[in-house]
1. Given a cut-off of under 8 Å on Cα pairs at least six residues apart, what relative contact order in percent is computed for region 62-249?
2. Using only Cα atoms and rounding to the nearest 10 degrees, what angle (0 to 90) does helix 216-249 make with the longest principal axis of the chain?
3. Counting only helical runs of four or more DSSP H residues, what would the 222 nm mean residue ellipticity of the chain come to if each run contributes -39,500 (n - 2.57) and the total is spread over all its residues?
4. Using packing as a proxy for protection, rank 57-70, 241-254 so that the peptide with the highest average count of other Cβ atoms within 10 Å comes first.
5. Does region 1-72 come out rounded, prolate or oblate, given a ≥ b ≥ c as the square roots of the eigenvalues of its C-alpha gyration tensor, rounded meaning a/c under 1.5 and, failing that, prolate meaning a/b above b/c?
6. What's the ranking of 79-88, 154-163, 107-116 by average number of surrounding C-beta atoms within 10 Å, highest first?
7. Helix 64-86 sits at what angle to the longest principal axis of the chain, using alpha carbons and giving 0 to 90 degrees rounded to 10?
8. Counting alpha carbon pairs within less than 8 Å and at least 6 residues apart, what relative contact order, in whole percent, applies to region 24-118?
């Protein structure tokens with residue numbers, strides 16, 4: 001069976017010319033994200049090239065301690081990214097988000113790699129690195145959306161929140177409308193992606209498996225379990241992050257502490 005067709009570095013450079021169209025549109029319509037777009041593309045390129053060289057080394061070594069160190073580092077970076085993109089206070093949110101991320105990913109990896117695939121060593125680099133990276137990448141946006149909406153909503157409608165508390169509502173009852181709205185915003189795209197995946201497109205990992213010569217049915221079975229795991233991991237991560245964060249950002253009277261956001265949420 002034919003192997004994967006390589007992409008030369010010259011072809012890779014040619015691929016960047018396709019970005020002229022979206023960059024022009026962002027500039028033409030004065031969206032205000034031109035600088036951020038260019039920086040994001042440059043960061044993505046440098047990071048992925050470095051990761052590619054690093055993963056070659058990791059795959060060759062296949063060391064458990066090295067893989068665990070990578071896991072912790074990636075969770076650290078993801079935590080910082082979530083806080084930065086949510087405009088939250090690093091001092092207040094770093095520990096709860098980091099702890100929640102470590103725990104939810106560890107449980108998900110143990111379930112998928114240990115129980116479903118039945119690996120003797122769940123830290124096997126060939127499985128542990130790509131699966132963990134995929135789970136982490138897919139939960140970041142969901143968590144950002146939930147935290148922004150949840151805490152931003154309480155800040156904006158603090159009078160309603162305090163009125164609920166003053167009229168005898170429990171902490172959970174007072175927070176519930178804000179939590180419901182936040183979880184709807186966060187989970188709707190996740191549910192939509194889960195519902196239509198494969199119908200209109202092949203997910204990245206499945207496409208890679210097929211291009212690499214895997215049997216399509218085998219790739220399908222892997223993708224089904226990956227989508228189930230991504231969905232479950234996303235829901236668990238968001239709920240756990242909000243639950244743990246609440247213990248850090250609300251005082252004993254149920255009031256949201258000052259400086260929850262670095263600046264007022266828009």
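Just so you know, all these numbers are worked out from the coordinates, no wet-lab data involved. Because the structure is a prediction, the values reported are computed rather than measured. Don't worry about glycine lacking a Cβ; one is built from the backbone with ideal geometry, like all the others, and counts go over all protein chains shown.
1. On the way: 153 pairs, mean separation 58.4, N = 188.
Reported as a whole number, the value is 31 percent.
2. 30 degrees
3. Numbers: 10 runs with 196 residues, N = 266.
Dividing the helical sum by the residues of the chain leaves -25500 deg cm²/dmol.
4. Per-residue Cβ counts within 10 Å, averaged per peptide and sorted highest first, yield 241-254, 57-70.
5. oblate
6. Working: 79-88: 19.1, 154-163: 15.0, 107-116: 16.5.
Most protected by this proxy first, the peptides run 79-88, 107-116, 154-163.
7. It works out to around 50 degrees.
8. Working: 22 pairs, mean separation 14.1, N = 95.
With pairs under 8 Å counted, the relative contact order is 15 percent.
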